[in-house]
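These notes are about the structure you will find just below.
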Amino acid sequence: MGRKKKGRPVSGILVLNKPLGLSSNQVLQKVKWLFQAQKAGHTGALDPQASGVLPICLGEATKFSQLLLDSDKGYDTTAKLGEIRSTGDAEGEVIKTADVPELSGEQVEEVLKNFRGDVVQVPPMFSALKLDGKPLYELARNGMTAEEAQAIAEKKRRTIQIHELTLNDQRSDELDLSVRCSKGTYIRTLVEDIGNEIGSGAYVSMLHRTHSGPYHSGQMITLEELEALAEEGGTEALDKLLLPPETALPETWPVIELTRAEAEKILQGQAVSTGLTEAPSVQLWAAESGRKQLIGIGRIERGGIRPQRLLQVRLLAD
């Protein structure tokens, strides 16, 4: 006999403004507790000293978490020139200093253009990437030499995409930048590399995520607002904040409308015959009497609509 799950079977996506000083997991656990949810997951960690868009999936929406993990992100950041720090951000120790040259906007732009498009990055040692099952930051904090750390980091070298990189403001030793990038991009590494190109070094003194997949800062709620709402209106008030799971799905994916009979077959894990063109990813909707209900995602191949990730749903009555 299975163990009864604790909490409510609430489903949806909350767009939270992660506060400074807390880890993404700490925030996740707080939100899960406030909603009294059975299941919750975030969609891409932010460092404790970073703030901004952190979509949190509850219940059935967690089945789409990977889509958001794989999605593009957007950030506002400040690059502090003249210092290189052990962690690449304000938390680290200063390991090197250099004079900051006088820079015109045009000179900064000449540097930034080298960091647009496909960019090769070596992830920072203070990251959650793992080697032999151990996070790099754990290895870095256990007395590893700089040479050993660099050798390990080099093994994790990767190519990422910088879709947009914009200079918003410039001061004598600071650059305010906006970045739109692919998954797996380390802003700390990007800022360090820009600083190295300038010749002064740099670290991240401020980082705020503005976008995560389809979600943006205009949709955010703070943890304080969430706590106040929970105290005033309980879980009923909190549930009104949740976006439906389908908002996580890319709008570019074909929408497949299924009859009730087809939807029932799909929900049983069976394929449904079709003459539609093959597609690696599609949205699956049950359509009945002018109403639509998302039942999951799938693909079309070899003349069949095949389920991939299905929601636990009860089909709408006729």
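The values are calculated or read from the model by the stated rules, or taken from the named source; none is laboratory data. Quick caveat, the model's predicted, so the values are computed rather than measured. With ideal geometry, Cβ positions are generated from the backbone for all residues, glycine too; neighbour counts draw on all protein chains shown. Surface areas here come from the heavy atoms of the whole protein model, side chains and all, with no ligands, DNA or RNA. Shrake-Rupley method; radii C 1.70, N 1.55, O 1.52, S 1.80 Å.
For the reader, a short list of remarks on this structure follows.
- Residues of segment 67-83 satisfying the condition of being among the polar types (S, T, N, Q) and either free of Cβ contacts under 8 Å to residues at least 24 places away in the same chain or touching a Pro at 6+ places or on another chain (Cβ under 8 Å) (or both): 71
- Subset tally (residues that are assigned to a strand (DSSP E or B), open to solvent by 60 Å² or more (accessible area, probe 1.4 Å) and not small (Gly, Ala, Ser)) for segment 265-280: 1
- Some residue of segment 4-22 being hydroxyl-bearing (Ser, Thr, Tyr), open to solvent by less than 20 Å² (accessible area, probe 1.4 Å) and touching a residue at least 60 places away in the same chain (Cβ under 8 Å): no
- Some residue of segment 104-120 being farther than 23 Å from residue 211 by Cβ, touching a Phe, Trp or Tyr at 6+ places or on another chain (Cβ under 6 Å) and not in a strand (DSSP E or B): no
- If only residues of segment 23-55 that are touching a residue at least 60 places away in the same chain (Cβ under 8 Å) and in a loop (DSSP other than H, G, I, E, B) are counted, the one that is most open to solvent (accessible area, probe 1.4 Å) is 36.
- Within segment 106-126, considering residues that are polar (S, T, N, Q) and within 22 Å of residue 182 (Cβ to Cβ), the one surrounded by the most Cβ atoms within 10 Å (Cβ to Cβ): 121
- The single condition from (1) outside any loop (DSSP other than H, G, I, E, B); (2) touching a Leu at 6+ places or on another chain (Cβ under 8 Å); (3) modelled with pLDDT under 95 that residue 78 fails is (3).
- Any hit, segment 252-264, residues being in contact with a Phe, Trp or Tyr (Cβ under 9 Å, 6 or more places away or on another chain) and either at pLDDT below 95 or part of a helix (DSSP H, G or I) (or both): yes
- Residue list for segment 56-80, filter: surrounded by fewer than 22 Cβ atoms within 10 Å (Cβ to Cβ) and among the aliphatic types (A, V, I, L, M): 67, 69
- One residue from 251, 301, 246, 262 being within 21 Å of the chain's Cα centre (by Cα), of a type in the set (Asp, Glu) and open to solvent by less than 70 Å² (accessible area, probe 1.4 Å): 246
- Qualifying residues in segment 86-105 (those that are polar (S, T, N, Q) and more than 21 Å from residue 47 (Cα to Cα)) - the one least open to solvent (accessible area, probe 1.4 Å): 104
- Being surrounded by fewer than 19 Cβ atoms within 10 Å (Cβ to Cβ) and within 21 Å of the chain's Cα centre (by Cα) is a description that does not apply to residue 212.
- Criterion: over 24 Å from residue 67 (Cα atoms) and either open to solvent by 20 Å² or more (accessible area, probe 1.4 Å) or hydrophobic (A, V, I, L, M, F, W, C) (or both) - qualifying residue of 224, 257: 224
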